[in-house]
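Below is one structure; the comments refer to it alone.
The values are calculated or read from the model by the stated rules, or taken from the named source; none is laboratory data. Quantities reported herein were computed from a predicted structural model and do not represent experimental measurements. Reconstructed Cβ throughout: ideal geometry from the backbone, glycine too, with neighbour counts over all protein chains shown.
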Amino acid sequence: MQYVRGSRHDYDRWAQYLGTDQWDYRHVLPYFQKSEHIQISNLKDSDYHGRDGQVTVNYIDSQPIVEKLIEAGETIGYPYNEDYNGRIQEGNPL
């Protein structure tokens, strides 16, 4: 199973559409953080992840096809993104 949040731009558009900032990314991020228990050592200090929540977030063992898909994406200019739930949400995830 993958843990993927919605795009910050989607939340901001919802807030704009609804006429309230309560659904913008800045307001919903703390709820994501509260729910997360990040296990990825190089992301534990990120301002975009939680450490004490009920949802454990970690990497899975990569399969050879995944590495090939990442390489293919990079070949056409779609960069690898180690943390698509972080500050930059665009890119090719692991």
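Sort through H37, H27 and tell me the only one that's of a type outside the set (D, E, K, R) and in contact with a Ser or Thr (Cβ under 6 Å, 6 or more places away or on another chain).
Values: H27 fails: in contact with a Ser or Thr (Cβ under 6 Å, 6 or more places away or on another chain).
Going through H37, H27 in turn, just one is of a type outside the set (D, E, K, R) and in contact with a Ser or Thr (Cβ under 6 Å, 6 or more places away or on another chain): H37.
Among the residues of region 63-81, are any surrounded by 12 or more Cβ atoms within 10 Å (Cβ to Cβ), part of a loop (DSSP other than H, G, I, E, B) and in contact with a Pro (Cβ under 9 Å, 6 or more places away or on another chain)?
Yes, that holds for at least one residue.
Only one of Y48, Y59, Y31 is surrounded by 11 or more Cβ atoms within 10 Å (Cβ to Cβ) and in a loop (DSSP other than H, G, I, E, B). Can you tell me which? Working first, answer last.
On the way: Y59 fails: surrounded by 11 or more Cβ atoms within 10 Å (Cβ to Cβ); Y31 fails: in a loop (DSSP other than H, G, I, E, B).
Sole residue among the options that is surrounded by 11 or more Cβ atoms within 10 Å (Cβ to Cβ) and in a loop (DSSP other than H, G, I, E, B): Y48.
How many of the residues in region 39-79 are of a type in the set (S, T, Y), at pLDDT 90 or above and under 14 Å from the mean Cα position of the chain (by Cα)?
Final tally of qualifying residues: 2.
Taking the condition of being in contact with a helix residue (DSSP H, G or I) (Cβ under 6 Å, 6 or more places away or on another chain) and either loosely packed, with under 11 Cβ neighbours inside 10 Å or over 23 Å from D83 (Cα atoms) (or both), how many residues in region 15-28 meet it?
Going through region 15-28 one residue at a time, the tally reaches 2.
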